[in-house]
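The values are calculated or read from the model by the stated rules, or taken from the named source; none is laboratory data. Quick caveat: nothing in here was measured; it's all calculated off a predicted structure. Using ideal geometry, Cβ is built from the backbone for each residue, glycine included, and neighbour counts are taken over all protein chains shown.
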Amino acid sequence: MTHSAHMHPDDIRSQFSAAMSVMYKKEVPLYGVLLDLVADVNEATLRRRPDLQADFERTGELSRISLERHGAIRVGSPEELHTLRRLFAIMGMAPVGYYDLSVAGMPVHSTAFRPITDASLTHNPFRVFTSLLRVDLITDEALRSEVAAILSRRNIFTPGALRLIERAEQEGGLTPGEADLFVSEALETFRWHGQASVNAETYERLSATHRLIADIVSFRGPHINHLTPRTLDIDTVQKEMPARGVSPKDVIEGPPPRACPILLRQTSFKALDEPISFPATDGTLEKGVHTARFGEIEQRGVALTRKGRALYDRLLADVREKGGSGSTASDYPTRLAEVFRDFPDDYDDIRQQGLGYFRYTPTDETITEDVTTMPPEALVERGYAIATPIIYEDFLPVSAAGIFQSNLGGQERRSYAANANREMFANALGADLIDEFDLYDAAQARSVEATKASLNERSSTVAKSF
Ligand code: OOG
Ligand code: NI
């Protein structure tokens, strides 16, 4: 139970997300440049599109746009993931979805910690894409136990953070004073460490096995590796990046540009080569370079139903099969646009064909009938309700793989057999993974119920007045 003297988890999340953004801007100034560019483009887009502005005002989305961002981290051990789950829970963030990145040659699997209720998402949708190293995919047995030993020696959480996590669990929340302290202690886990915790020789060996393994294992903590603001016009931001001194990856991941955006489109600027140092045996420091941290932007669209998602996955697979070289070939955007002509680009079609999720709200239309058993589409037809797209709050594994790949520096391509192990992930987490489709289904159903209740109430008042 949340005691009234406790700070609301939504407010702790907002505070944490703001603090993280300030920290990352200091650590990676290019992220600040990207934030300014996104803010400029968003403002211009809303000025150009009053319809969009009106939609956003009606759904309460407007206030969240400028706040909205996601981050990503990678941890090494089940214990680290387990404590992260407890840490994020204090900020109202739960693990949603399972992403198997082994298919893309990445020795990790992932989830997204994020708020799950409508009110919390509107308040601040801050999410963290969180990956766990698959030690089981390291084939060299000696290296596997070395990695386990290195990881077992580190503690990525401060004693203060651990104490406050326990306190929040015992007391059912944190007071504002405790929450302040919690935010600054929690932030320490995600800070960058310029000094590796392993020597140069170990780093090189880890890196030769997979650069991602070196990134996860060689440091004191799981530095935040990017933060991603949400843009309303990703094509313009992508185009304008170079003029502001930011060099974007070649293509935008996800669906092509559309009148009715679906799911998620993402692009990033390439990871920076950053100076680091390694402890040498004689007590001195040896210089090195590490490439991991970058900036990313995203544009979000309507969440797709299982049927819609199956169509998206099939079309995307078609595009990639036809081209042969994934999303890096130069004709990729053309092929993408061509193949996606098979995905309806009109919200009414998307809704009527059951491809996307929508939130229903009542109109002011006069109503004299009982709508209890009326299908939602009939409510729309009769003008009793309007349907607004429910925004996709999650991630896309193929896009994530593209982002991983373009930011490891070098030509990282290892193949692992598709090797999902959701159960292993959930065991490490110590909790079940929430199914994203269940959340969207429930949000849509709740909006239908609330719309009908409000319409019925109005129709009975109308009836009485006759
Ligand atoms: C995570 C990459 C995935 C996204 O937006 O799809 C991701 C990582 O590089 O750790 O953040
Ligand atoms: Ni990302």
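Just checking, which of LEU62, LEU30, LEU46, LEU34 is more than 23 Å from GLY295 (Cβ to Cβ) and either of a type in the set (A, V, I, L, M) or within 16 Å of ligand 1 (Cβ to nearest atom) (or both)? Even if it seems obvious, please write down each step before you answer.
Numbers: LEU30 fails: more than 23 Å from GLY295 (Cβ to Cβ); LEU46 fails: more than 23 Å from GLY295 (Cβ to Cβ); LEU34 fails: more than 23 Å from GLY295 (Cβ to Cβ).
Residue meeting the stated conditions: LEU62.
Screening the candidates PHE425, PHE395 for the property of being buried (at least 19 other Cβ atoms within 10 Å of the Cβ) and part of a loop (DSSP other than H, G, I, E, B) yields one hit, PHE395.
The test for being within 15 Å of GLU296 (Cα to Cα) and among the polar types (S, T, N, Q) holds for SER21. Of the residues in the stretch 72-93, not one is over 30 Å from LEU143 (Cα atoms) and part of a strand (DSSP E or B). Taking first residues from the stretch 128-143 that are in the same structural domain as ARG114 (by TED's automatic domain parsing) and partners that are assigned to a loop (DSSP other than H, G, I, E, B), the Cβ contacts under 6 Å between residues at least 6 apart in sequence or on separate chains come to PHE129/PHE395; LEU133/GLY76; ARG134/PRO107; LEU137/PRO107; LEU137/TYR416.
Could you identify the single residue in ASP36, ASP55, ASP11, ASP51 that is at pLDDT 95 or above, surrounded by fewer than 19 Cβ atoms within 10 Å (Cβ to Cβ) and among the charged types (D, E, K, R)? First the steps, then the outcome.
On the way: ASP36 fails: at pLDDT 95 or above; ASP55 fails: at pLDDT 95 or above; ASP51 fails: at pLDDT 95 or above.
Every option except ASP11 fails the conditions.
The rows are residues; the columns are (1) in contact with a Phe, Trp or Tyr (Cβ under 7 Å, 6 or more places away or on another chain); (2) without any contact (Cβ under 8 Å) to a residue 24 or more places away in the chain; (3) more than 19 Å from ALA400 (Cβ to Cβ); (4) buried (at least 21 other Cβ atoms within 10 Å of the Cβ).
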{"residue": "THR45", "(1), (2), (3), (4)": "no, no, yes, no"}
{"residue": "LEU62", "(1), (2), (3), (4)": "yes, yes, yes, no"}
{"residue": "SER66", "(1), (2), (3), (4)": "no, no, yes, no"}
{"residue": "HIS70", "(1), (2), (3), (4)": "yes, no, no, yes"}
{"residue": "MET93", "(1), (2), (3), (4)": "yes, no, no, yes"}
{"residue": "TYR99", "(1), (2), (3), (4)": "yes, no, no, yes"}
{"residue": "PRO107", "(1), (2), (3), (4)": "yes, no, no, yes"}
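Taken over the stretch 40-72, the criterion of being within 25 Å of PHE113 (Cα to Cα) and either more than 16 Å from ligand 2 (Cβ to nearest atom) or among the aromatic types (Phe, Trp, Tyr) (or both) is satisfied by PHE56, THR59, GLY60, GLU61, LEU62, SER63, ARG64, ILE65, SER66, LEU67. Among the residues of the stretch 127-152 satisfying the criterion of being crowded, with 19+ Cβ neighbours inside 10 Å and of a type in the set (Ser, Thr, Tyr), which is nearest to ligand 1 (Cβ to nearest atom)? Selected residue: SER131.
Among what's in the stretch 442-459 and is more than 15 Å from PRO375 (Cα to Cα) and surrounded by 13 or more Cβ atoms within 10 Å (Cβ to Cβ), pick the residue that is modelled with the lowest pLDDT. So, considering only residues that are more than 15 Å from PRO375 (Cα to Cα) and surrounded by 13 or more Cβ atoms within 10 Å (Cβ to Cβ), the one modelled with the lowest pLDDT is SER459.
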